[in-house]
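For reference, the structure discussed in these notes is given below.
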Amino acid sequence: MHNIEPGPLLFSKNPELFWTFVAAMYLGNIMLLVLNLPLVGFFGRIAVIRPQLLMPFITVICLVGVYSVRNSFFDVWVMIVAGIIGFFFRKWKFPVAPFIIGVVWVPPRRTASGRRS
């Protein structure tokens with residue numbers, strides 16, 4: 001995308017990109033430290049909230065987040081269907097991780113014209 005090739009020569013060909021990334025990581029860690037020290041008590045209290053009260057709030061945040069990425073209700077429906085599938089996987093005690101790996105790693109199908117679908 002930015003004419004950068006990943007690999008072992010990334011650090012010698014584009015040192016400014018590497019050091020910018022390192023500086024961003026340091027800055028992120030400092031911000032995390034500044035924000036977490038005063039808010040650790042609040043985060044601890046969130047951890048003891050019953051899941052029956054917390055899950056609807058998390059679901060609404062996820063729905064708003066999914067919609068806000070592309071302003072598409074299709075994405076919202078995909079998330080809802082994936083949630084229903086995940087619910088039944090847990091109910092029937094299927095392992096979810098192998099399913100996710102299989103969905104992500106499956107090669108795309110080829111149509112009759114040779115194009116990927």
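The values are calculated or read from the model by the stated rules, or taken from the named source; none is laboratory data. What you see is a predicted model; the values in this text were computed from it and never measured. Heads up, the Cβs are rebuilt from the backbone with ideal geometry, glycines too, and the neighbour counts pull from every protein chain shown. These accessible areas exclude ligands, DNA and RNA; they are computed on the full protein's heavy atoms, side chains included. Shrake-Rupley method; radii C 1.70, N 1.55, O 1.52, S 1.80 Å.
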Seminar exercise, completed: The correct count of residues that are part of a helix (DSSP H, G or I) and open to solvent by less than 80 Å² (accessible area, probe 1.4 Å) in the range 1-46 is 13
For this session: Give the range 91-111 a look and list any residue that's part of a helix (DSSP H, G or I) and surrounded by 10 or more Cβ atoms within 10 Å (Cβ to Cβ), or say none.
Result: VAL96, PHE99, ILE100, ILE101
Exercise. Is it the case that the range 70-83 has a residue that's at pLDDT 90 or above, under 22 Å from the mean Cα position of the chain (by Cα) and among the basic types (Lys, Arg)?
Worked result: yes
Problem set entry | Residue list for the range 52-79, filter: within 20 Å of VAL104 (Cβ to Cβ), aliphatic (A, V, I, L, M) and exposed (fewer than 13 other Cβ atoms within 10 Å of the Cβ) | VAL69, VAL78
